[in-house]
1. Let me check the size of segment 206-254 from its C-alpha atoms; what are the radius of gyration and Dmax in Å?
2. Please report the carbon-and-sulfur percent of the accessible area for segment 109-220; probe 1.4 Å, protein heavy atoms only, DNA, RNA and ligands left out.
3. Here is the link list: 127/202; 104/127; 127/196; 98/196; 103/127. Which ones come out longer than 29 Å on Cα distance?
4. Excluding residue 207 itself, what net charge comes from residues whose Cβ is under 15 Å from its Cβ, given Lys and Arg +1 and Asp and Glu -1?
5. In a shell of Cβ-Cβ distance under 13 Å around residue 221, excluding residue 221 itself, what net charge do Lys and Arg (+1) and Asp and Glu (-1) give?
6. Compute a Gaussian network model of the chain, connecting alpha carbons closer than 10 Å, and tell me which residue from 210, 90, 183 fluctuates the most.
7. Can you give the charge dipole size of the chain about its Cα centre, rounded to the nearest 20 debye, using +1 on the beta carbon of Lys and Arg and -1 on the beta carbon of Asp and Glu?
8. At 1.4 Å probe radius, can you tell me the per residue accessible area of segment 161-210 in Å²?
Amino acid sequence: MGTFAMTGGATGIGAAVREQLAAAGHDVIVVDIKDADIIADLSTPEGRQTAVDAITNKAPAGLDGFVPCAGVGPSVSPPSLVTRINYFGTVVLAEAMKPLLQKKNGCMVLISSNSAPMGSDAGYVDKCLSGDEAAATTSADEIGDGQNAYGGAKMALTRWMRRNSAAYAKDGVRMNAVAPGMTRTPLTEHVMADEKLGAAIKGFGETIPTGALGVPEQIANVITFLLSPKANFMCGSVVFADGGHDAMLRPDDF
Ligand SMILES: NC(=O)c1ccc[n+]([C@@H]2O[C@H](COP(=O)([O-])OP(=O)(O)OC[C@H]3O[C@@H](n4cnc5c(N)ncnc54)[C@H](O)[C@@H]3O)[C@@H](O)[C@H]2O)c1
């Protein structure tokens with residue numbers, strides 16, 4: 001059986017991934033700010049380094065897969081917290097895990113969102129992709145809009161994956177992303193309870209073509225498939241698991 005590492009395994013989608021991998025008999029190393037094998041705050045450079053060092057110690061022979069799932073929603077304050085965790089906390093770890101994944105011809109599944117193509121400030125997205133965390137976080141807070149910080153960070157993360165997937169594949173590491181739609185997790189509950197964003201997000205949830213919000217297991221099913229050998233010709237793909245929302249909103253864009 002394999003050895004997998006992941007972040008954000010304490011609740012929601014990550015917890016469902018952890019359960020599915022463990023049920024299949026794999027060893028799972030979980031990084032999270034709470035309830036995890038490795039406690040680390042991925043919003044800070046120090047926390048990211050703690051996570052990288054601890055995973056490397058626990059898996060010296062390498063990793064079969066890595067799923068950076070930790071994230072916060074658009075209702076957190078300040079908006080730059082989203083940038084720090086969802087973009088930089090993900091990409092810094094993804095890059096650091098590459099040598100461990102190479103050892104076992106492993107693969108990585110990133111967590112995008114169907115909000116990534118919904119429109120965000122292009123300059124902010126470029127600042128994330130440039131790797132300049134100070135510029136990107138300043139931009140997020142100057143714009144001051146959680147939805148922009150969130151959707152833009154997911155757009156940047158998805159572009160980072162698409163831009164790097166061919167080079168990673170040549171080095172023996174297969175990368176893909178899943179783009180979940182609205183899924184019932186603590187993150188979504190937090191947004192639905194928000195004074196500013198709550199009504200809009202609840203209304204948006206009511207327009208999901210298949211009729212209901214997703215549940216974490218439905219997203220984890222796609223992630224564990226992408227991690228499996230059954231998906232070994234998939235590389236650089238962005239798989240929408242969103243009850244049809246993206247197809248409804250962007251029917252001709254694929
Ligand atoms: N729920 C949705 O509708 C939805 C839709 C699209 C994408 N996503 C993405 O799915 C991923 C998982 O989200 P979820 O909905 O399961 O939310 P969640 O809140 O249940 O899980 C997020 C996890 O990240 C951890 N985390 C938060 N801040 C952290 C930090 N600073 N350092 C380390 N760990 C931290 C939390 O403790 C938690 O375990 C996120 O990347 C999110 O953006 C969720």
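The values are calculated or read from the model by the stated rules, or taken from the named source; none is laboratory data. The structure displayed is predicted, hence computed values, not measured ones. Counting neighbours? That spans all protein chains shown, and the Cβs are built from the backbone with ideal geometry, glycine included. With ligands, DNA and RNA removed, areas are computed over all heavy atoms of the protein, side chains included. Shrake-Rupley method; radii C 1.70, N 1.55, O 1.52, S 1.80 Å.
1. When restricted to the Cα atoms of segment 206-254, Rg and Dmax are 12.6, 36 Å.
2. Details: 2570 of 4980 Å².
That fraction is 52 percent.
3. Working: 127/202 31 Å; 104/127 33 Å; 127/196 26 Å; 98/196 39 Å; 103/127 32 Å.
Pairs exceeding the cut-off: 127/202; 104/127; 98/196; 103/127.
4. Details: positive: 202, 250; negative: 206, 242, 246.
Around residue 207, the surrounding residues sum to -1.
5. Values: positive: 230; negative: 19, 217.
My count for the surroundings of residue 221 gives -1.
6. Most flexible of the set in this elastic network: 210.
7. 780
8. Numbers: 2700 Å² over 50 residues.
Computed with neighbouring chains in place, this is 54 Å² per residue.
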